[in-house]
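Worksheet: the structure to be examined is printed underneath.
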Amino acid sequence: MKYDVIVVGAGIAGMTAAIYVKRAGKSVLVLESVIHGGQIINTIGIENWPGDYGVSGADLAGKIYEQLGKLGIEVEYSEVETIEKTSEGFTVKTDDDEYSCGAVILAVGTEPRRLSEKQAADAGKRAVSYCATCDGALYKGKPVVVVGSGNTAKHEMKYLENIASKVYHIHHDEPIPKDAEAVFVAIGRTPNTKFVKDLVDLNSEGYIVAEEDCITSCSGVFVAGDCRTKQVRQLVTAAGDGSVAAEAAIDYLAKK
Amino acid sequence: MKDINEGEFEAEVLNYKGTVLVDFNADWCGPCRMFRPILQAFAKQHTDVKVVGVNIDDNDELAEKYNISTIPCLVVFKDGEEVARKEGVLPEKKILKMVEG
């Protein structure tokens, strides 16, 4: 199948980009490896998304997905493995299909940074979680440990203090307490960009290099959302990137 | 897709001849709520596979017995034996791959 634009990732940035591309009269396919919504699906109540105070991430994701449906936008649940530049545009290969398109918007987001090998070995068979609000309830009245030094770690600790019998706190290089039954990890996030490292320029942390115009080092490839080099990573800035990347992609196709 | 409790688990899952998908979930878990319609659609399309839900708040002993450390967690049983498990929301295609082994 051939599309004007393929959007990789159905988080807020990717879904917004698809809305703008479709409304400009171009054909668009969204490829998502897991589920639409991205990082927010684990958030219980969102208070900084205008117009829908306290909405859960899952519900917000569902609402935007519904909007895509109403606009006739296709979403395919497949993992993108490679993107190759061809003489006519791009070939996007997933784990079970192949598509071609004129332009690509990368909105692949970030994932939690994993425990170091040493700490993973230390954790052994104990549960390792990257989301206290998701998994905290499984450790009611049991000792747990939070790994990390940033705001997320503090937030996770506060949440777990109401559930667990004891909440240990350690930094990313410290040994895991013996009696902790679960390890909650909050040591930052890392972009899901390995599969495009030969296509576009990444910075030393793996973020796709682009200014506010969302234009990458590869002509015809645009980037939106948390996987871009930027200062503020929020739902609204992800949505903003989505529209900017879509306009840039449409402009690129018109000039081609 | 029906929800079962600890008391029904043996009859519905362990003593069942065939494939059962057990979705460990909770009401407060957003991803679980997103996973449910996917599982329901799967159950409709694959009538040879039984799909059941287990609420971990109401059935905490079962969750502990099966070492559920994060939800949603999908566990595949064949003739009462666990053969596969995966955590997180899965698209329909990946569920099928798990079932087919």
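The values are calculated or read from the model by the stated rules, or taken from the named source; none is laboratory data. Keep in mind the model is a prediction, meaning the values are calculated, not measured. Cβ atoms come from the backbone with ideal geometry, glycine included; neighbour counts cover every protein chain shown. Keep in mind that these areas ignore ligands, DNA and RNA; they rest on the heavy atoms of the full protein, side chains included. Shrake-Rupley method; radii C 1.70, N 1.55, O 1.52, S 1.80 Å.
Descriptive notes on the structure:
- Model label zone, B:Asp27; criterion: amide N under 14 Å from point 7 Å along Cα-to-beta-carbon; scope segment B:51-72: B:55-59
- Using the Cβ-Cβ distance between B:Val49 and A:Asp97 with R0 set to 22 Å, the FRET efficiency from 1/(1 + (r/R0)^6) comes to roughly 0.40.
- Principal-axis tilt of helix A:151-161 within chain A, Cα atoms, nearest 10 degrees: 50
- Residues of segment B:27-53 with amide N under 12 Å of the 7 Å Cα→Cβ point at B:Lys2: B:51-53
- Gyration tensor (alpha-carbon) shape descriptor, segment A:117-185, a/c threshold 1.5: oblate
- Filtered trypsin sites (Lys or Arg not before Pro), segment A:179-233: DSSP coil and at most 11 other beta carbons within 10 Å: A:Lys197
- Take the Cβ atoms of A:Asn203 and A:Tyr53, set R0 to 41 Å, and the FRET efficiency comes out at 0.70.
- Pairs spanning more than 20 Å between alpha-carbon atoms, out of B:Lys50/B:Lys94; A:Lys142/B:Lys2; A:Lys125/A:Lys158: A:Lys142/B:Lys2; A:Lys125/A:Lys158.
- Per residue, the convex hull spanned by the alpha carbons of the protein assembly as shown comes to 144 Å³.
- Distant-in-sequence amide H partners of A:Leu71 (H built 1.01 Å from N, under 5 Å): none
- Nitroxide proxy distance, nm - points 7 Å out along Cα→Cβ at A:Thr82 and A:Glu211: 3.3
- Amide H contacts under 5 Å for A:Arg189: A:Arg113, restricted to partners 5 or more places along the chain or on a different chain, H placed in the peptide plane at 1.01 Å from N.
- GNM on chain A, alpha-carbon springs under 10 angstrom: the most fluctuating residue among A:Ala245, A:Ala18, A:Ala123 is A:Ala123.
- Amide proton proximity set for A:Tyr130, modelled H, under 5 Å, gap of 5+: A:Val185
- Between helix A:235-255 and chain A there is an angle of about 20 degrees, using the helix long axis and the longest principal axis of the Cα atoms.
- Segment A:1-56 and segment A:131-158 have their alpha-carbon centroids 28 Å apart.
- Per-residue SASA entry for A:Ser204, accessible area with 1.4 Å probe, Å² rounded to 10: 120
- Listed residue pairs exceeding 27 Å between alpha carbons, taken from A:Lys118/B:Lys97; A:Lys2/A:Lys194; A:Lys26/A:Lys70; A:Lys194/B:Lys65; A:Lys26/A:Lys63; A:Lys140/A:Lys194: A:Lys118/B:Lys97; A:Lys194/B:Lys65; A:Lys140/A:Lys194
- Solvent accessible area, Å² - B:Glu87, 1.4 Å probe, full protein context: 100
- Put a plus charge on the Cβ of each Lys and Arg, a minus charge on the Cβ of each Asp and Glu, and nothing anywhere else: the dipole of chain A about its Cα centre is then about 500 debye.
- Heavy atoms of B:Lys2: accessible area, 1.4 Å probe, square angstrom to 10: 100
- Residue-normalised convex hull volume from the C-alpha trace of segment A:39-116: 153 Å³ per residue.
- Shape summary: segment B:2-93 maps onto an equivalent ellipsoid whose semi-axes, from the alpha-carbon gyration tensor, are 17, 17, 11 Å in decreasing order.
- Loop GluC sites (Glu not before Pro), segment A:8-111 (other Cβ atoms within 10 Å of the site Cβ: 13 or fewer; DSSP): A:Glu47, A:Glu88
- Cysteines in chain B that lack a partner Cβ within the 4.7 Å cut-off: B:Cys73.
- Solvent exposure ordering (accessible area, 1.4 Å, most first) of B:Leu74, A:Leu115: A:Leu115, B:Leu74
- B:Arg33 sits among other residues whose Cβ lies under 15 Å from its own Cβ, and their net charge, with Lys and Arg +1 and Asp and Glu -1, is -4.
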